[in-house]
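Below: the structure, in C-alpha cells.
The values are calculated or read from the model by the stated rules, or taken from the named source; none is laboratory data. Quantities reported herein were computed from a predicted structural model and do not represent experimental measurements. Using ideal geometry, Cβ is built from the backbone for each residue, glycine included, and neighbour counts are taken over all protein chains shown.
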Amino acid sequence: MANYSMFEPSFSMDIMKMKNSHTFSVVRTKVTNFVRLPLDAINGTESQRYGKAQEYSDKLAEELNKISNQKSCSSADFVNALKSVISPHNINFNVEQKLVDGTTGTIQREVNYNKSYKRLRNKVVEKTDADIVGYTINLKLKNKGTIIEDKVSALHEARHLFDYICNPKTIQFRSFKFLYDTNKLENYKRTYDLMVNDYLPFRSMKSIKKEMKNNLSKMENADGIETLQSIRRGLKTEKNAYNDGNKFMKKQPFKYLFDIFAYGDYVRAMRFDKKLEFVNGLLSEKLKAERDVLKQKYSK
Ligand SMILES: [Zn+2]
C-alpha cells in the first residue's frame, strides 16, 4: 500500500511555480492559528507533543470504527469525527481528491501568497509573505466525493495533520533559504525524497547512506542542518502514520489480512528506524561542527 506524504515535495513545487512567475527577495512565512493548536496546548517537550498527536489519532481510530464497519466510510462522517477529536480547537482542513499517480493519500498545506513592494536604499524589492492557512487531505473518493474508499489512508493522513498541529514548527517553509538557487533546491528535494518518500526495496542502507552523504557534502553546513532536521521530522511523522495504520488494521485482522502483509513489506523496505538513527547521528555531528565554529569565532 504505497502511501506517500507529498507534504515537502508539493511545497517545493509551489516554490518553483512562484519562482517562474516573478522574482522576489524577502520571504516570510506565517503559521496562522487555523493550522496549529494554541501555544498553551503544545508547550511541552517534543515527545509530549507527539504524545498528544498519538492520543488524537487513537481517538480518531475508535471513531472510524464506530462510523462504519466497512473499509470505506462517509466523507462527512470522517470530517465530523476529525473535528470532534480536536475540539474545542478549530483547525482549517478539507478533504479532496487531487491525487498524484501511485498514491492513496496526501496532505498539503494551503498557502496564501501576499506580494508587496518595499523601497530598500535605492531599489525596490518585492517581498512575498506566505501565510499557511489550512490543510487539504487528498484521498480516493467515490460517489461524487461522498465516500472515502479507504479508512486506513484517511487515518494515515489524519496522523500527519495531528503531528503538524501539535508541532507547528514542522510546517514552516524551511527551504525558503534554498529558493534563490535552483541547484540547491533540487538537491534538497532529492535528498528529502531519498530518505522519506522514495520506495527503494532493493537498495542497501549502505548505498542510500552514501548517496545521502554525497548530497550533504554539496551543501553548506547550515543548509545541511536544515535539510537533516526537515528529513528527521518527515521520517518521524511517516513512521507514526504507518504505525497507526498498522495498529488499526490489526484490530480487525481478517478484514485486512492481505493489507497487513503488504503494509508490513512496505514499512520494512522504508527502514524508518535505521534512517532516523543515521540522520540523528549526522545531525549531532553537524551541530557540533557548527558550535565549534561559533566557539572559535567568539574566542578570538
Ligand atoms: Zn504519509
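Among the candidates Val279, Val267, Val293, single out the residue that is assigned to a helix (DSSP H, G or I), among the hydrophobic types (A, V, I, L, M, F, W, C), touching a residue at least 24 places away in the same chain (Cβ under 8 Å) and touching a Phe, Trp or Tyr at 6+ places or on another chain (Cβ under 9 Å).
Numbers: Val279 fails: touching a Phe, Trp or Tyr at 6+ places or on another chain (Cβ under 9 Å); Val293 fails: touching a Phe, Trp or Tyr at 6+ places or on another chain (Cβ under 9 Å).
The unique qualifying residue is Val267.
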Check segment 123-132 and report whether any residue there is at pLDDT 90 or above and either in a helix (DSSP H, G or I) or acidic (Asp, Glu) (or both).
-> no
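Let's see how each residue does on (1) of a type outside the set (Phe, Trp, Tyr); (2) without any contact (Cβ under 8 Å) to a residue 40 or more places away in the chain; (3) farther than 27 Å from Lys52 by Cα:
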{"residue": "Lys127", "(1), (2), (3)": "yes, no, yes"}
{"residue": "Ala154", "(1), (2), (3)": "yes, no, no"}
{"residue": "Ile171", "(1), (2), (3)": "yes, no, no"}
{"residue": "Tyr192", "(1), (2), (3)": "no, no, no"}
{"residue": "Leu200", "(1), (2), (3)": "yes, no, yes"}
{"residue": "Lys210", "(1), (2), (3)": "yes, yes, yes"}
{"residue": "Glu238", "(1), (2), (3)": "yes, no, no"}
Residue pairs within 7 Å by beta carbon, gap of at least six or interchain, first lying in segment 57-83 and surrounded by 14 or more Cβ atoms within 10 Å (Cβ to Cβ), second modelled with pLDDT of 95 or more and among the basic types (Lys, Arg), listed first then second, are Ser57/Arg159; Leu64/Lys151; Lys71/Lys151; Ser72/Lys151; Cys73/Lys151
With the condition kept exactly as written, say whether any residue in segment 254-263 is within 22 Å of Leu60 (Cα to Cα), within 16 Å of the ligand (Cβ to nearest atom), surrounded by 18 or more Cβ atoms within 10 Å (Cβ to Cβ) and at pLDDT 95 or above.
-> no
Subset of segment 90-109, residues more than 15 Å from the ligand (Cβ to nearest atom) and more than 12 Å from Leu161 (Cβ to Cβ), comes to Asn90, Glu96, Gln97, Lys98, Asp101
Test for Thr170: is it closer than 16 Å to Leu37 by Cα and out of contact with any Cys (no Cβ under 8 Å at 6 or more places or on another chain) | yes
Per the list (1) surrounded by 15 or more Cβ atoms within 10 Å (Cβ to Cβ); (2) more than 16 Å from the ligand (Cβ to nearest atom); (3) assigned to a strand (DSSP E or B), residue check on Tyr135 breaks on (2)
Cross-chain or 6+ apart pairs with Cβ under 8 Å, segment 93-108 first and within 18 Å of Tyr199 (Cβ to Cβ) and in a loop (DSSP other than H, G, I, E, B), then within 15 Å of the ligand (Cβ to nearest atom) and small (Gly, Ala, Ser) | Leu99/Gly105; Gly102/Ala2; Thr103/Ala2; Thr104/Ala2; Thr104/Ser153
Reported set for segment 269-298 where residues are basic (Lys, Arg) and at pLDDT below 95 is Lys286, Lys288, Arg291, Lys295, Lys297
Residue check, Tyr117 aromatic (Phe, Trp, Tyr) and either surrounded by fewer than 15 Cβ atoms within 10 Å (Cβ to Cβ) or in a loop (DSSP other than H, G, I, E, B) (or both) = yes
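Would you point out which residue out of Lys239, Lys210 is surrounded by fewer than 20 Cβ atoms within 10 Å (Cβ to Cβ), within 16 Å of the ligand (Cβ to nearest atom) and assigned to a helix (DSSP H, G or I)? I'd like the intermediate steps shown before the answer.
Values: Lys210 fails: within 16 Å of the ligand (Cβ to nearest atom).
None of the others qualify; the one that does is Lys239.
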Sole miss for Glu186 among (1) within 16 Å of the ligand (Cβ to nearest atom); (2) of a type in the set (D, E, K, R); (3) within 22 Å of Gln108 (Cα to Cα) is condition (1)
